[in-house]
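Okay, structure first, notes after.
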Amino acid sequence: MKSTSFIAFTTFACAASAFVIPQARDASSSSIDDTVVLNYALTLEYLESAFYSGALDNFTEEDFTNDGLPQWARGRFEQIAAHEQAHVHLLSDALGANATQACNYSFPYTSPSSFAALSQLLEGVGVSAYAGAAQYVTNKDYLTTAAVILSTEARHAAWVAGPVNKENPWSGPFDTPLGLSTVYTLASQFITNCPSSNPSLPVKAFPALTFADASPGEVANVSADGVSAEGQYIAFFSGLSTTYVQVQNGQVVVPNATSLYAVLTSSNLTADDSTITAGVAVLQFPFTSDGSSSTSTGDSSMNVRV
């Protein structure tokens, strides 16, 4: 993992694991209809579009190559930028007068390599967002639209992680679905303000969850902003599996996994809007030459503050 990565490393010990069908991890779906889901997706697509257009305005092809990225990287990122703008147009047209508008954003990249690291995070979150929200879509045409956007976002994620960042292009046999609020928590740190006329979404942002000195199979420290983690549980999402581990003495043990999302929850059975108290942390560990996850992160991790 590059030292410029914005992806957090984190921890967990296997206490209880459940293999479940993909579900968004939110408390209630009573207020979620197709318009809400499409506006939720459009909110994310606006963010991604602004992210790519802003970086491409700031960095030339020479900037990319001088920062150690492949000569062809910027051209591919231009194609991704065009894809994200096409997603914005498609969703906006489908919503018509009900469409939300773009917000103002601030992204913490300072170089092409840090931009590429953040791109890996955002594309992975985009895949998890569409996977988690699919259950709410009732219109079959909208569901098809979401499916083809999701598959394109997954191609983006694999390309950025693999050829560009030299990381594993997938985390396992299944992507990880996330609920509306967990995704919004990750996205909201990049949103500075939005038009007051935008329709509200049934989401909320949780306090930041931080892990320190985390490596697979090792003990790590955990803390949350304004919340005591002691005695609560870390819910680790990986593919279709959720594992709950109780925080003891401010610590948890990292499993031998390569890619995880983590939240702090008051329950060892449920992690949704009614029980999550902090998070989300994104956990990705680099691979060794034999394809297993690395057992040491050193100084290569940086927490995403959410």
(request) For the stretch 230-273, just say rounded, prolate or oblate: build the C-alpha gyration tensor, square-root its eigenvalues into a ≥ b ≥ c, call rounded for a/c under 1.5, and beyond that prolate if a/b exceeds b/c, oblate if not. (result) oblate
(request) Taking only protein heavy atoms into account and a 1.4 Å probe, give the accessible area per residue of the stretch 119-257 in Å². (result) 41
(request) Identify, among Leu150, Asn139, Ser92, the residue whose Cα sits farthest towards the positive end of the charge dipole of the stretch 71-156, taking +1 on the Cβ of Lys and Arg and -1 on the Cβ of Asp and Glu, with the dipole about the Cα centre. (result) Leu150
(message) Considering only protein heavy atoms and a probe of 1.4 Å, how much of the accessible area of the stretch 82-121 is carbon and sulfur, as a whole percent?
(response) 52
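Filter the trypsin sites (Lys or Arg not before Pro) in the stretch 128-191 to those in DSSP coil with at most 15 other Cβ atoms within 10 Å of their Cβ, and list the result.
Of the trypsin sites (Lys or Arg not before Pro), the ones in loops of the stretch 128-191 whose Cβ has at most 15 other Cβ atoms within 10 Å are Lys166.
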(message) Let me cross-check Val219: its accessible surface, 1.4 Å probe, with only protein heavy atoms counted, in Å² to the nearest 10?
(response) 80
(message) Can you give the local net charge around Glu45? Use residues other than it whose beta-carbon is closer than 11 angstrom to its beta-carbon, Lys and Arg +1, Asp and Glu -1.
(response) -3
(message) Can you give me the solvent accessible area of Ser228 with a 1.4 Å probe, rounded to the nearest 10 Å²?
(response) 80
(message) Run the simple label-point estimate for Gln251 and Asn58 please: 7 Å along Cα→C-beta, distance reported in nm.
(response) 3.8
(message) What's the magnitude of the charge dipole for the stretch 158-278 around its Cα centre, counting Lys and Arg as +1 and Asp and Glu as -1 at the beta-carbon? Answer in Debye, nearest 20.
(response) 180
(request) Using a 1.4 Å probe and ignoring any ligands, DNA or RNA, find the accessible area of Val247 and quote it in Å² to the nearest 10. (result) 0
(message) Give me the dipole magnitude in Debye, nearest 20, for the stretch 41-95 about the Cα centre, with unit charges on the beta carbon: positive for Lys and Arg, negative for Asp and Glu.
(response) 120
(request) Please report, largest first and rounded to whole Å, the three semi-axes of the ellipsoid equivalent to the stretch 126-194, where each semi-axis is the square root of five times an eigenvalue of the C-alpha gyration tensor. (result) 22, 18, 11
(message) Which of the three applies to the stretch 136-274, rounded, prolate or oblate, going by the alpha-carbon gyration tensor with a ≥ b ≥ c and a/c under 1.5 meaning rounded?
(response) oblate
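The values are calculated or read from the model by the stated rules, or taken from the named source; none is laboratory data. Quantities reported herein were computed from a predicted structural model and do not represent experimental measurements. Neighbour counts are summed over all protein chains in view; Cβ atoms, including those assigned to glycine, are modelled from backbone coordinates with ideal geometry. The accessibility values were calculated without ligands, DNA or RNA, using every heavy atom of the protein model including side chains. Shrake-Rupley method; radii C 1.70, N 1.55, O 1.52, S 1.80 Å.
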